[in-house]
Ligand SMILES: Nc1nc2c(ncn2[C@@H]2O[C@H](COP(=O)(O)OP(=O)(O)OP(=O)(O)O)[C@@H](O)[C@H]2O)c(=O)[nH]1
Ligand SMILES: [Mg+2]
């Protein structure tokens, strides 16, 4: 790890303290590509670590529809560095949809049960710009508003309050109207805890995504938290639900550990691709 010393915040009346934020060594591809090949492979493409446990009869293609090259991931990564001409920042929070700013740039949002890891995942995505503060907590129901983050003029990313904790209130008042009416929404990421698998509340959210008919993608979080056999069972179960009960869902669930950065680089590339911010070199596989 290395440490970025950010400037002192010298606003009148503000407590003066030195901000020192760390950038995790695996947050950037430059570091990842110096890992031993197998380690690099399973960090960038987490499904490859599970493949050996999969029965021969299972079609692997469904798990690798989106399989960009490292070069494409490098291109996507550039979007996640802030610069004077491409500012990444927390923009605004909204408690109701009519408080949300109308924006032109494509938007992606992250929904899922309380504590599933939405804010942690966004924090990992923005880890190359650690001055962007994304709050994470062990206590369910931590994120209470829709939090909008701007990635230059390229896209906006929205962290949603989780359902399950104060649900259905938050869900009915915020998430549901947002999903139905947000014009610039290009992809919804529905997060499911990979260590426990699909829960009833997840199926309700999935139904809601189906009703809105907006394209969405399932993301399995916390894949570091359980044994590979259990993870594979949860993944196959999820895959089966996606196959048999959905029409707007991308067939390939994405696997993530925000703690170890597994799948984070792939997800950055997926977001860059679906928001039209990059053009993949290998166009045979797309989201
Ligand atoms: N082991 C492990 N823990 C994780 C991972 N992602 C998140 N967590 C932990 O899960 C807890 C909840 O994370 P958050 O990111 O705050 O969850 P959230 O979905 O934003 O929760 P709400 O804001 O309450 O809806 C925290 O203690 C995180 O450290 C992961 O990939 N692996
Ligand atoms: Mg949160």
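Bear in mind these aren't lab numbers, they're just calculated from the coordinates by the rules spelled out. Everything numeric here is computed off the predicted structure, so don't read it as measured data. Positions of Cβ are backbone-derived with ideal geometry, glycine not excepted, and every protein chain shown enters the neighbour counts.
Which order do peptides 59-67, 229-237 fall in by mean Cβ count within 10 Å, highest first?
Values: 59-67: 15.1, 229-237: 16.9.
Per-residue Cβ counts within 10 Å, averaged per peptide and sorted highest first, yield 229-237, 59-67.
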Cα extents of the chain per principal axis, largest first, Å, are 65, 46, 35
Would you please classify the overall shape of segment 204-287 from the alpha carbon gyration tensor, given that a ≥ b ≥ c denote the square roots of the eigenvalues, rounded means a/c under 1.5, and beyond that prolate means a/b larger than b/c while oblate covers the rest?
-> oblate
Here, residue 105 and residue 23, labelled 7 Å along Cα→Cβ, have an inter-label distance in nm of 1.9
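How long is the gain from residue 137 to residue 98 if the chain were fully straight, where each residue apart is worth 0.36 nm and the alpha carbon distance is subtracted? Mind showing how you got there, number by number?
Working: separation 39, 0.36 × 39 = 14.04 nm, distance 2.69 nm.
Fully extending the segment from residue 137 to residue 98 adds 11.3 nm.
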Kindly put 222, 104 in sequence by how many other C-beta atoms sit within 10 Å of each C-beta, fewest to most.
-> 104, 222
Footprinting exposure proxy for 135, 38, 113 (fewest neighbouring C-beta atoms within 10 Å first) = 38, 135, 113
Would you kindly state how much longer the chain becomes between residue 53 and residue 34 on full extension, computed as 0.36 nm times their sequence separation minus their alpha carbon distance, in nm to one decimal?
-> 4.2 nm
Roughly speaking, what is the stretch gain from residue 227 to residue 259, that is 0.36 nm per residue apart minus the C-alpha to C-alpha distance, in nm to one decimal?
-> 9.9 nm
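Taking the Cβ of each residue in 109, 269 as the centre, tally the other Cβ atoms inside 10 Å and list the residues starting with the fewest. Working shown, then result.
Details: 109 24, 269 27.
With the sparsest Cβ surroundings first, the list reads 109, 269.
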Based solely on its DSSP helices, what 222 nm [θ] is calculated for the chain when runs of n ≥ 4 H residues each add -39,500 (n - 2.57) and the sum is averaged over all residues, nearest 500 deg cm²/dmol?
-> -8000 deg cm²/dmol
